[in-house]
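Data first, discussion second: the structure below is written as structure tokens.
The values are calculated or read from the model by the stated rules, or taken from the named source; none is laboratory data. Computed from a prediction, not measured in an experiment: that's the story for all the values here. Reconstructed Cβ throughout: ideal geometry from the backbone, glycine too, with neighbour counts over all protein chains shown. Ligands, DNA and RNA are stripped out before the accessible areas are found, and what is left, the full protein with its side chains, is counted by its heavy atoms. Shrake-Rupley method; radii C 1.70, N 1.55, O 1.52, S 1.80 Å.
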Amino acid sequence: MTLSRRSMLTAATAAGACLGFPHPSPAAQTQAVEMQLGWLGGGNQLGEVAAQQLGYFGEEGLELKIVPGGPNNDGIAGVASGRSAVGQVSSSPSLMLAVSQDLPVRCFAVSAPAVFISCDYSARRLSA
């Protein structure tokens, strides 16, 4: 039998499947993640709430905290400042305006009518 890269990868994959890949234990340290909303919580966050209730975030070592927005709490500004790791806003024009003003935000997913944003650390400019 010839030892090739393909046979090594096949054997390693089979061994990994048999042994099982390690998953974070519930006792493992969890990382808190804030999701800033552009408005009050509602039906748009049903998926996140269900995933949290079913323990999916915990299985990945995350503790999700949903921060409601509102008339005096801009969801984009909270993410651009780095206060929240991710955000969910339902106003694409406000996201486009933020990007045109060089705010360091980036859209990484769309779930109509909402868009998910994160801080684009590569775009942050250091003040002189």
Return the carbon/sulfur percentage of the accessible area of segment 51-110, one whole number, probe 1.4 Å, all protein chains in place. 55
Considering only protein heavy atoms, what is the solvent-accessible area of ILE76 at a probe of 1.4 Å, reported in Å² to the nearest 10? 10
Length added when fully stretched, THR30-PHE108, from 0.36 nm per residue minus Cα-Cα: 25.8 nm
How charged is the neighbourhood of GLU63? Take every other residue with its Cβ under 14 Å from the Cβ of GLU63, and add Lys/Arg as +1 and Asp/Glu as -1. -3
Out of residues 5 or more away from LEU37 or on other chains, whose amide H comes under 5 Å of its own, with H placed 1.01 Å from N in the peptide plane? VAL67, GLY69, GLN88
Can you bin segment 45-128 into rounded, prolate or oblate? Criterion: square roots of the alpha carbon gyration tensor eigenvalues sorted a ≥ b ≥ c, rounded for a/c under 1.5, prolate for a/b above b/c, oblate for the rest. prolate
How much net charge surrounds PHE116 when only the other residues with a Cβ under 15 Å from the Cβ of PHE116 are counted, with Lys and Arg +1 and Asp and Glu -1? -2
Label points 7 Å out from Cα along the Cβ direction at MET96 and ILE66: separation in nm? 2.8
Long-range amide H contacts for VAL105: which residues qualify at under 5 Å (H placed 1.01 Å from N, peptide plane, sequence gap of 5 or more or a different chain)? ASP120
Accessible surface of ARG106 in the full protein assembly, 1.4 angstrom probe, to the nearest 10 Å²? 130
Given H placed 1.01 Å from N in the peptide plane, which residues other than close sequence neighbours of LEU62 have an amide H under 5 Å from its amide H? GLN31
What ranking of PHE116, PHE57 comes out by heavy-atom accessible area, probe 1.4 Å, highest first? PHE57, PHE116
